1. Can you tell me which residue is most open to solvent (accessible area, probe 1.4 Å) among those in region A:72-90 that are without any contact (Cβ under 8 Å) to a residue 24 or more places away in the chain and within 14 Å of chain B (Cβ to nearest Cβ)?
2. Which of the residues belonging to region A:15-46 are assigned to a helix (DSSP H, G or I), surrounded by fewer than 19 Cβ atoms within 10 Å (Cβ to Cβ) and among the aliphatic types (A, V, I, L, M)?
3. Can you find, within region B:110-142, the residue that is farthest from the chain's Cα centre (by Cα) among those that are in a loop (DSSP other than H, G, I, E, B) and among the small types (Gly, Ala, Ser)?
4. Could you list, in sequence order, all residues of region A:24-52 that are closer than 13 Å to residue A:2 by Cβ, charged (D, E, K, R) and more than 14 Å from chain B (Cβ to nearest Cβ)?
5. Scan region A:65-75 and give yes if some residue there is within 13 Å of residue A:22 (Cα to Cα) and either among the hydrophobic types (A, V, I, L, M, F, W, C) or modelled with pLDDT of 95 or more (or both), otherwise no.
6. Find the residue count for region B:132-158, including only residues that are modelled with pLDDT of 90 or more and crowded, with 17+ Cβ neighbours inside 10 Å.
Amino acid sequence: MSNIFHIEDEKDFQQQLANAGEKLVVVDFFAMWCGPCQSVNPKLEIIAEKYSEKIVILKIDTDKCRPLKLKYGIRYVPTFIFFWNGERLDGIVDEANSRKVENYIEKYLATTHN
Amino acid sequence: MVQIKARDKIPSVDLFEDSPANKINIADLCAGKKVVLFAVPGAFTPGCSKTHLPSYIQKESELKSSGINEIVCVSVNDPFVHAAWGNQFNTKGKIRMLADPNANFSKAVDLTIDLPPLGGLRSKRYSMVIENGIVKELNVEPDGTGLSCSLADKLKLK
């Protein structure tokens, strides 16, 4: 069962955050017209698979979910932010760089699961 | 079509500079020269904020003094639009803005991508180093090099 979810709206986002339970939540803000956003997709699938029991990836199309884009002050796509137990963590990656995203995942999994 | 790769010859395809009347054959342009060719999905697309056309303009003299004879920017747009985009960034004399309106070149190198929000078939984002018509290096839509697109919509009419 896939741990990558496409978010429809704010309500859906809150629901998915709640559903994640103890799992680390990686939020991917993207746009369909943005090449860099697409370039990370294959790596994100690999990452989702690698940490399948421990993380959830929520994908938000910034053209479809403008309130969420505005709420989190997203200025570049892709932008990745992180949540655990419904709380926003301090990490942010505002570029197509799956290595940096994975570094944060490793860092948070090491601390949140202690 | 198979995606072009290092050691392949650059295909003989016409691109267009400034207008549909001004044909530039890319294989002829590359003959006997060292060329950096980069492609973008669309002229005037918002961003990419951290790199691409502006950064090639900045690096132009550095590239030319390290032996690059021409820097070429390709996109699937009509030649007027592509040239106008170049003019906005003052590319004259620095970067050759060569349009690929029917995606003939992009298809020949198999580096196209379907982008419905932009109108359909476009070029992928990539950069190539070509020496005497032979591809030396190809970097396609690199992940991990810090590309991003700005959401700031400066052209929005209030």
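The values are calculated or read from the model by the stated rules, or taken from the named source; none is laboratory data. Only a predicted model underlies this, so the values are computations on that prediction, with no experimental measurement involved. Please note: Cβ atoms are built from the backbone with ideal geometry, for glycine as well, and neighbour counts cover all protein chains shown. Heavy atoms of the whole protein, side chains included, go into the accessibility calculation; ligands, DNA and RNA do not. Shrake-Rupley method; radii C 1.70, N 1.55, O 1.52, S 1.80 Å.
1. Out of the qualifying residues, it is A:75.
2. A:18, A:46 - these are the residues of region A:15-46 that are assigned to a helix (DSSP H, G or I), surrounded by fewer than 19 Cβ atoms within 10 Å (Cβ to Cβ) and among the aliphatic types (A, V, I, L, M).
3. The qualifying residue farthest from the chain's Cα centre (by Cα) is B:119.
4. Correct list: A:49 only.
5. no
6. Number satisfying all stated conditions: 2.
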